[in-house]
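FYI, it's all coordinate maths here, none of it is from the lab. Keep in mind it's a predicted model, so treat the numbers as computed, not measured. Cβ placement follows ideal geometry from the backbone for every residue including glycine, while neighbour counts extend to all protein chains displayed.
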Amino acid sequence: MQSTPSWRDDLAPGDILSIVYPSSEGDPRFERPRPCLVLAVDRSGPEPELLVAYGTSAMTRANTGYEIRVTQEGSMRDAGLHRPTRFVAARRMRLGLSSPRIVVCVQGTARIGRLSGDLRPRLEHVLSLLPSEIPPRSAERDRRARHLRRGHRPRAATGG
């Protein structure tokens, strides 16, 4: 008898998972499951790792160069979202595929949806702004991420 493939087997950039994302205050009392956009999947190590972007329904102008907004009814339906959401790639997290932060629902999957085709060009653009591989955790990277979350945009390179 052949087993049904797990949702983990074909996970790819553009998938949307339910993840308990750490609070920016560092207080677990403020943590709750929220939609997160998969930016990268690294299967090269002993345990696959994901790079995910934070999802929020707050429609602010912060991090506008690093976000993907899902606001159209059809796109929201494809993504498994109940309200307009923006995924903020400046606020991203790396986690193992077996992390307890990944919320698996009664149906046996954490994947709630996928970005629709009309949002794929925006995903590709945002990915082009990020490092090409999942970076290791570092204090410098975390400092830069906090800087970006405050609404600061990276400076453009100047020719000299």
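Details
- Residues considered: Val52, Val70. Of these, the only one that is in contact with a helix residue (DSSP H, G or I) (Cβ under 8 Å, 6 or more places away or on another chain), in contact (Cβ under 8 Å) with a residue 40 or more places away in the chain and of a type in the set (A, V, I, L, M) is Val70.
- Applying the criterion of being among the aliphatic types (A, V, I, L, M) and over 13 Å from Asp15 (Cα atoms) to the residues of region 71-101, the residue that is farthest from the chain's Cα centre (by Cα) is Leu97.
- Unmet criterion (only one of (1) part of a helix (DSSP H, G or I); (2) farther than 16 Å from Val126 by Cα) for Leu95: (1)
- Residue under evaluation His82, criteria (1) touching a Phe, Trp or Tyr at 6+ places or on another chain (Cβ under 8 Å); (2) without any contact (Cβ under 8 Å) to a residue 24 or more places away in the chain, criterion not met: (1)
- Hits in region 63-77 (condition: buried (at least 18 other Cβ atoms within 10 Å of the Cβ) and not in a loop (DSSP other than H, G, I, E, B)): Tyr66, Glu67, Ile68, Val70, Ser75
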